[in-house]
1. Pairs needed: first member in the stretch 318-342, outside the structural domain of Gly293 (by TED's automatic domain parsing); second member anywhere, surrounded by 17 or more Cβ atoms within 10 Å (Cβ to Cβ) and acidic (Asp, Glu); C-beta distance under 7 Å; at least 6 residues apart or different chains.
2. Which fully enclosed strands (runs of 3 or more DSSP E) of the stretch 224-285 have 3 or more residues being closer than 30 Å to Gly204 by Cα?
3. One residue is enough: does the stretch 198-207 have a residue meeting the conditions part of a helix (DSSP H, G or I) and at pLDDT 95 or above?
4. Out of all the residues in the stretch 388-398, which are surrounded by 21 or more Cβ atoms within 10 Å (Cβ to Cβ) and within 16 Å of Thr322 (Cα to Cα)?
5. Of Ile100, Ile72, Ile96, Ile130, which residue is buried (at least 23 other Cβ atoms within 10 Å of the Cβ), β-branched (Val, Ile, Thr) and more than 30 Å from Glu249 (Cβ to Cβ)?
6. Could you list all residues from the stretch 111-164 that are of a type in the set (D, E, K, R), at pLDDT 95 or above and part of a loop (DSSP other than H, G, I, E, B)?
7. Is it the case that Pro183 is in contact with a Phe, Trp or Tyr (Cβ under 7 Å, 6 or more places away or on another chain), surrounded by 18 or more Cβ atoms within 10 Å (Cβ to Cβ) and modelled with pLDDT of 95 or more?
8. Considering only residues that are of a type in the set (A, V, I, L, M, F, W, C) and under 18 Å from the mean Cα position of the chain (by Cα), which ones fall in the stretch 426-478?
Amino acid sequence: MGKDNFLIKAADPDNVAVVPHAGGLQAGVLLDNGITLLEFVPMGHKVALTDLAEGDRIIRYGQTIGYALHPIYAGAWVNELNMAMPAPPDLDAIRIEPQIASKPKPLTGYTFQGYRNPDGSVGAKNVLGITTSVQCVAGLTQYVTRKIKEELLPQYPNVDDVVALNHTYGCGVAIEAPAAMIPIRTIRNIAQNPNFGGEVMVIGLGCEKLRPEKLVPSAPEDREGPSPILYMQDPAFQGFQEMVDGAMELAVHHLEKLNRRRRETCTAADLVVGMQCGGSDAFSGLTANPVAGFAADLIVRAGGSVLFSEVTEVRDAVHLLTPRTTDVAVGQALIDEMKWYDQYLAWGQADRSANTTPGNKKGGLSNIVEKALGSIAKSGTSPISDVLGPGEKIRKKGLIFAATPASDFVCGTLQVAAGMNVHVFMTGRGTPYGLSMVPVIKVGSNSTLSSRWFDLIDFDAGQVATGEKTIEALGWALFHLILAVASGEKTVAADKLGLHNDLVLFNPGPLT
């Protein structure tokens, strides 16, 4: 038995374990537990630790992730081809019984240098956001954004960037349909993200269904300066160039105010960190997500806020989360979001099994049940203090479930709307995902990826799998990195390379 011939179990009751070796393990290899591999098993994939009869439970994370479709012998490769997926938890049968014994021990003395806003929120960046009421004006906002960056931004050294918040909504939609509130409040709350400093600049067309006035906060009577809204169809504009000049003049007004912002010492209680995973693999639930979960607990202990999301990647583990809710109302809200999404998927003639991607499966995740059990690890162990519907803005401190689809860019968009000022993104397969308005810390779940993508991954959590580091040690390291990024002391890879995704709205409402 070579010292490297080991497997990784997620929990003691498991009857499968994961191969951590780059390149996988060949048939005939004798493992530390005395089992001989019966076939080649790729890195990240599962090996049966015992003989399994047809119909036997396949257990990982101490939970049933499937049933054997036929006899599987110890040392065999276990994957989606030889296992059936279990039914999801019955939401109506889950008893909501919060079991929080005590509050986590407070963590004090940790600070970062942030931009404090009039509403008390704190930004990690200082960005001019130009939002829109309708997709029709995207060409103008893109044109103006380039022009501002080239001609105006150098004159305002304290402003980090200017971002066009384009989207695909605003007209040709059933604006009064119940589901329309989701994209509308998302657009409105994105513009109020702490990294925009409260400076709302809106470009509208003029004839759209989504009125720009719905996207700006009620103006105080003593507000000085021009209206934050510019209409392309304003009859005062003669030709395109005058529209551009009007937008540039409005931008100057906002840039001057943003340029007066300065970083100041803020406590870790002012952090609002969005946790998300994408391109997940079998290591995500063993390394990156638990490390992020440990850091999440530290943020909550420091009085800050952490968002975790992705309904489909919570649905099969929701019974493990309801005992962590602070009261029955929060627990019921969590269940209600699961029910709403079940209905949404059923309406689209899909179910939760559609979530798992070819990359997930190639990385060792056989189905959505296994994926969900690993996904919730990024929530840590803190009590869940609130549940947000899609597009809603944060209203409490602590650990918060922000309901979103699992799509990376849609989830990120909704977490921006919720008010995150720093994003932590775990990946096992690799993704260039980034956001222009919020720094995105990319965490690799395995060292093979982190090494190969050395200039795209910010933090290697794969050291947990190799035994070089503990979850606790890397959790503290990630916590300190979050503070450094929020302070502007460290620049994430996506920002260095200028890799930024478009914002993508979740619109479950009908188009007309």
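The values are calculated or read from the model by the stated rules, or taken from the named source; none is laboratory data. Computed from a predicted structure; not experimentally measured. Glycine also receives a Cβ, built like all others from the backbone with ideal geometry; neighbour counts cover every protein chain displayed.
1. The qualifying pairs do not exist here.
2. Values: elements: 229-231, 264-267, 272-277.
Once the strands (runs of 3 or more DSSP E) in the stretch 224-285 are filtered for at least 3 residues that are closer than 30 Å to Gly204 by Cα, what remains is 229-231.
3. The initial filter retains those residues of the stretch 198-207 that are part of a helix (DSSP H, G or I), namely none.
Within the stretch 198-207, none of the residues are part of a helix (DSSP H, G or I) and at pLDDT 95 or above.
4. Leu388
5. Working: Ile100 fails: buried (at least 23 other Cβ atoms within 10 Å of the Cβ); Ile96 fails: buried (at least 23 other Cβ atoms within 10 Å of the Cβ); Ile130 fails: more than 30 Å from Glu249 (Cβ to Cβ).
Residue meeting the stated conditions: Ile72.
6. Pass one, the stretch 111-164, residues of a type in the set (D, E, K, R): 116, 119, 125, 146-147, 149-151, 160-161.
With the extra rule that they be at pLDDT 95 or above, the set shrinks to 116, 125, 146-147, 149-151, 160-161.
Listed by number, the residues that qualify are Lys125, Asp160.
7. Numbers: in contact with a Phe, Trp or Tyr (Cβ under 7 Å, 6 or more places away or on another chain): yes; surrounded by 18 or more Cβ atoms within 10 Å (Cβ to Cβ): yes; modelled with pLDDT of 95 or more: yes.
Judged against the criteria, Pro183 is a match.
8. Of the residues in the stretch 426-478, the ones of a type in the set (A, V, I, L, M, F, W, C) are 426, 435, 437-438, 440-441, 443, 449, 453-454, 456-457, 459, 461, 464-465, 471, 473-474, 476-478.
Within the stretch 426-478, Met426, Leu435, Met437, Val438, Val440, Ile441, Val443, Leu456, Ile457, Phe459, Ala461, Leu478 meet the criteria.
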